[in-house]
Each structure stands twice: as C-alpha cells, then as structure tokens.
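Readers should treat all values here as calculations from the given coordinates under stated rules, not as data from a laboratory. Since we're looking at a predicted model, the values are computed, not measured. Cβ: placed from backbone, ideal geometry, glycine included. Neighbour counts: every protein chain shown.
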Amino acid sequence: MIRAAILGCGGYLPAQVLSNEALIAAKGLDSSDEWIARRTGIRQRAFAAENEQTADLATEAARAALKDSGVEVAALDLIILATTTPDHAFPATATKVQANLGMSRGFAFDIQAACSGFIYALALADHFIRLGQARHALVIGAEKFSRLLDWSDRSTCVLFGDGAGAVVLGAVEGTGNKRDRGILSTHLHSDGSHYGQLQASDARHAQMNGAEVFRHAVTNLASVVDEALDANGLTPAEIDWLVPHQANQRIIDGTGKKLHLPPERVVSTVAIHANTSAASIPLALATAVQDGRIKKGDLLLLDAMGAGFTWGAAVVRW
C-alpha cells in the first residue's frame, strides 16, 4: 500500500525576538514576565518586520524543509499552506510561495482551520498521496499573527508570535503495519457552535474567551488523542514523542500527563515561540529534529485545537 511519509522538515523565525519584558516595555502593557510565564509558559516570541509577509516566512521554511528532505522543487506536485493570516483575501498565499520557489507545475492552495490548520493540511496532503494524485507534497504552516493583535488587550496580545514551519511528504510503499514509516492516520473535528469564543473581529483584532477555550481544549484534545491511539491499536507507552500545538504550557502538560508521558518525551517550544497558530507544530517538529530528539523510526502523536472550534490529531512514524 502507498503511504505518505515525512521526508524532511524546516522552520523559520523572523529576526526580531522580544522577551516578555521587552514586549511589555515596547507596548506599554500592564503586565509582567512572571504573570505571563506563570499563566502560559511563554518567555519570548518573534515578530515579523513590517515588510515581511506570510509568504516570505512560508517560503523560507519551505526552502529549509526541501533542503532537509533532499527533494528538488521540480519534483513537487502540491503545496498546501495552512494560515490564518494570508497576505491577501485572494489569491491564495500558497501560489505566491509556489512562484517564490520557482515551481511551475502541480497545484497550490491555502487552508484555514486556525491553530489546527497544519493537522488539516497534513491530512489533505496524505489523502492526495494515498490516492495517487501526488507523489511529493509540501505542507506549510505560516503566520504573521502580530498584525491581528490588539495591544490594549493584555490577556491576548502576549500569547502570539510569528513564524513558519514546513514538511515535505513523499509516497512510500508499506505493508499497512503500524511499524511502517509514514502517516498512520489523521483525525479531524470541528464544532461551529463555539464560533465566537475565539475570533478576529471586524477590526481585525484577535479576541478570545480564554476560560472557555482552555476548557474545550483540555476536553477535545483528550478525546482526539484517545481516538488516534484506538484507531491504530496503540497504547500511550508506544508513543515516543507528543508534538502538540504550542498554545499554553498547562494544556501541553495536561495532555502529556493523560498519556503518562514524562515531560522529556513531550516537545514544548511555547516558551521560545509563543503561539504561532498553524505554524506551531511544524516549528516544534523542526526544532526537535534539528536538536536530535526525534530520530528515524520514532512514533509521533501530533494534536491541535483552534478557533471554530477545530481540532485534530495525527499519528506519524518518522
């Protein structure tokens, strides 16, 4: 059987990095490093320059992933870009990335599922490859979330950062066994009855009911993690790495505890990246691969929840 495997990954962060203290001073916020870190685990974040767009961040991450994979641009059939912050309402920012890379064949499009966007994009690319409609796919999560922030809302503006992460997928042959390399399964959900709990208003500022988002995140992520494990006949002990959406350290810790995974088997980059929405999981992947934590043959569980509400999980053999 044909399965999609992750052949390489890469990430990109803008040059401007602001610690909690620097952000508070720059924006005149009524907050403190202790307050932000205790509630979220965040210590710093990167912000894109004024002239740096989502497509620019995505392109740099894509180039890093292609280099890591050894796949040439000419071999790509598909680009899917998950983003909440496209450069324009239309056309798709993915087509700008396609042009930046010099890719003159195949197809490219954006997908919007907020912080769950990368999981959704990964699922779509996996299906295209399994169905034989693509052999190689580039899946990117990229955000310039700083342009959506209301600097008078201290409970929200300190949470987010900018960045991009990408993976290159390729078709590989397998037996269908859970020991095979590749994406074993993906699981997607949404519940639009909570549409207003986390959204960008007409003024383009992000607004959030933090308590409700936190409560649903804990419940929904626990449920989809169980679903993913059950679908593959896995126990938590077989998971080598949990790579969750990087929104809040307390949510990350809660999911790890549910799986009885020690902190050293949970990839957490929220302290240095903050919440980069659709970019957070591929950025965390790239970080853990580059520093040697994630190795060939490891079994990964990815999970995320975002506005909408949307949520999902993926099980991947590296």
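Distance between the 7 Å Cα→Cβ label points at S32 and S19: 1.6 nm. Each Lys or Arg adds one and each Asp or Glu takes one away; over the other residues whose Cβ falls under 12 Å from the Cβ of A5, this sums to +3. Entry note, the chain: the mean residue ellipticity at 222 nm calculated from DSSP H runs of n ≥ 4, each adding -39500 (n - 2.57), is -10000 deg cm²/dmol after division by the residues and rounding to the nearest 500. Note on K144: lysines with a C-alpha under 28 Å away, same-chain residues under 8 apart excluded, are K27, K67, K96. Would you mind classifying region 2-173 by shape? Square roots of the alpha carbon gyration tensor eigenvalues, ordered a ≥ b ≥ c; an a/c under 1.5 is rounded, otherwise it is prolate if a/b is larger than b/c and oblate if not. In terms of gyration-tensor shape, prolate. Count Lys and Arg as plus one, Asp and Glu as minus one, and take only other residues whose Cβ is under 9 Å from that of E52; the net charge is then -2.
Taking a straight line from the alpha carbon of K257, these lysines sit under 26 Å away, with near neighbours fewer than eight places off in the same chain left out: K178, K295, K296. Residues Y195, Y120 in ascending order of nearby Cβ atoms (within 10 Å, fewest first): Y195, Y120.
Could you tell me whether region 182-317 comes out rounded, prolate or oblate from its Cα gyration tensor? Rule is a ≥ b ≥ c as square roots of the eigenvalues, rounded for a/c under 1.5, then prolate if a/b exceeds b/c, otherwise oblate. Verdict is prolate for region 182-317.
Length gained on full extension, E212 to W151, computed as 0.36 nm times the residue gap minus the Cα-Cα distance: 19.8 nm. Need one word for the chain: rounded, prolate or oblate. Basis is the Cα gyration tensor (sqrt eigenvalues a ≥ b ≥ c); a/c below 1.5 gives rounded, then a/b vs b/c decides. Oblate shape, in that a/c is at least 1.5 and b/c is the bigger or equal ratio.
Separation of region 1-58 and region 238-293, taken as the distance between their Cα centroids, equals 15 angstrom. Counting only whole DSSP H helices of the chain, the ones at least 18 Å long by C-alpha along their axis and with mean Kyte-Doolittle hydropathy no lower than 0.0 are 117-130, 210-231.
The distance between label points at R39 and D298 comes to 3.2 nm (points 7 Å beyond Cα on the Cα→Cβ vector). Projecting the Cα atoms of L149, P86, A125 onto the charge dipole of region 2-173 (Cβ charges, centred on the Cα centre) puts A125 farthest toward the positive pole.
Among residues other than E227 with Cβ under 14 Å from its Cβ, the summed charge is -2 (Lys and Arg +1, Asp and Glu -1). Ranking V167, L188, Q199 by how far each Cα lies toward the positive end of the dipole of region 161-241 (charges on Cβ) leaves V167 at the top.
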